[in-house]
Amino acid sequence: MRSVDEHLSTILDTVEPLPPYETPLLDAVGLPICEDITATIDLPTFDNSAMDGYACRLVDLHGASRDTPVRLPVVGESAAGQSKAYGLSPGQAVKIMTGAPVPAGADVVVPIEWTDGGRASVSIVQEPSPGQHVRSRGEDVRAGDLLLNKGTIFGPRQVAIAAAVGRSLVKARPRPRVVVLSTGSELREPGEPLGFDSIYDSNSYCLSAAVRQAQAIAYRVGSVTDDPQELTNTLSDQLVRADMVVTSGGVSKGDYDVVKDVLTRVGTVEFTEVAMQPGKPQGFGVIGEDGTPIFTLPGNPVSSYISFEVFVLPAIRRMMGMLPYRRPLVQAKVTGGFGSPRERKQFVRASFEVTQSGAQVTPIGGHGSHLIGGLSMSNALIVVPEAQTEVAKDSTVDVMALDRVF
């Protein structure tokens, strides 16, 4: 059998990052940018007021107090986005609003609370300090400043600075388009009636949700039957919109394992056994004229999901240029002991939490690959190395925290 690391290495050597392109700001949220972003303008772009009040010259306000107020004529008004350019002569004031340009010649803004609020003239009862309440041009950012490094994850704060300097597009890799389908004649859509030998298709929903959580684009096809021609036609139809294909089911050794049957004939998909539990039967390769990567995951729901986390998620992140590719492992004290199969890396469903005494993790349910109830209650996987056959209570284990952003 191939090890987990060997299989993942084969995948990451095959999958390439998608080419970057100019992306609208909001479409790039959550993606790493593929360029350095440099300011082309100053921020602020002009001297402006930090307060509602009056723009004045400091020299005209020496000694202003409630006992000896300074009265100045008001010669105009400056409002954000709707003012004309003012020049201030000695002994004058301009009424000004927050964010409005400070008139040439003015060097302070007196808050309206320090005045009588006059319109034709204003009485000022407190002397400001030099430059008070004036936001100077370029005090935040200077044209030519490096704002964001290549590889920075583009989030709300990064969107803010890009927009503030006038960028409407940034270079980023697109979100991979991932086609997801399940195979099996026994599968039914949720909401449809079940026969005595049929089950609902949870895999395509689970995997599509996992694709979305990975910030890629999921195209859920649903289920196809065990008819080889139907699968062949479906794959052919879907490749036009796929950067990646993920199937579940039909990869073991049964008579109706249609995925293995169809893709073996193609000759570009390798089916192998990986030394892991759950998720031993795996397939990976490329199909179609464009060499689209395809993952063929086991059909049992727990195996399918864990295989996605271990193999597909790193490939999606590589396509988007996001590092690290794999979920980082954290360490925690396990609250209960259990056994693990020799020579297989085991992934155990668990509940992970950080308490006052430290991180701890509790195994949930049994180890069966069909036990989806325990999977739904878990938020982590305990990762047990191939050489370890027993995990003792209160020992320290490696944990893959499934809901953490990385």
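The values are calculated or read from the model by the stated rules, or taken from the named source; none is laboratory data. Since the structure is predicted, the reported quantities are computational estimates derived from the model, not experimental observations. Here Cβ is always computed from backbone atoms with ideal geometry, including for glycine, and neighbour counts include all displayed protein chains.
G195 passes every criterion in (1) small (G, A, S); (2) in contact with a Phe, Trp or Tyr (Cβ under 6 Å, 6 or more places away or on another chain); (3) in a loop (DSSP other than H, G, I, E, B) apart from (2). Of G222, G191, G184, G249, all but one fail to be on the phi > 0 side of the Ramachandran plot and out of contact with any strand residue (DSSP E or B) (no Cβ under 8 Å at 6 or more places or on another chain); the exception is G191.
Residue-level analysis places Y54 among those that are in contact (Cβ under 8 Å) with a residue 40 or more places away in the chain, over 37 Å from the mean Cα position of the chain (by Cα) and crowded, with 16+ Cβ neighbours inside 10 Å.
Within the range 336-365, residues that are of a type in the set (A, V, I, L, M, F, W, C) sit with their Cβ atoms under 6 Å from residues that are in a loop (DSSP other than H, G, I, E, B), at 6+ positions apart or across chains, in these pairs: A350/I364; A350/S378; F352/N379; I364/S378.
F347 satisfies every condition listed in (1) out of contact with any Pro (no Cβ under 9 Å at 6 or more places or on another chain); (2) not assigned by TED's automatic domain parsing to the domain that holds L12 except (1). Against the numbered list (1) part of a loop (DSSP other than H, G, I, E, B); (2) closer than 24 Å to L263 by Cα; (3) not aliphatic (A, V, I, L, M), P174 comes up short only at (2).
Matching residues to (1) in contact (Cβ under 8 Å) with a residue 12 or more places away in the chain; (2) within 26 Å of L18 (Cβ to Cβ); (3) in the same structural domain as S307 (by TED's automatic domain parsing):
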{"site": "T152", "(1), (2), (3)": "yes, yes, no"}
{"site": "Q158", "(1), (2), (3)": "yes, yes, no"}
{"site": "V178", "(1), (2), (3)": "yes, yes, yes"}
{"site": "G195", "(1), (2), (3)": "no, no, yes"}
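Within the range 140-154, does at least one residue satisfy the condition of being more than 29 Å from P24 (Cβ to Cβ), surrounded by fewer than 15 Cβ atoms within 10 Å (Cβ to Cβ) and not charged (D, E, K, R)? No, that holds for no residue. Answer yes or no as to whether T38 is touching a residue at least 24 places away in the same chain (Cβ under 8 Å) and either outside the structural domain of A160 (by TED's automatic domain parsing) or of a type in the set (V, I, T) (or both). When the stated conditions are applied, T38 passes them.
The residue that is farthest from P176 (Cα to Cα), counting only those in the range 262-300 that are among the aromatic types (F, W, Y) and either under 28 Å from the mean Cα position of the chain (by Cα) or crowded, with 23+ Cβ neighbours inside 10 Å (or both), is F284. Any residue at all in the range 159-177 that's surrounded by 15 or more Cβ atoms within 10 Å (Cβ to Cβ) and polar (S, T, N, Q)? The answer is no, given that none of the residues of the range 159-177 is surrounded by 15 or more Cβ atoms within 10 Å (Cβ to Cβ) and polar (S, T, N, Q).
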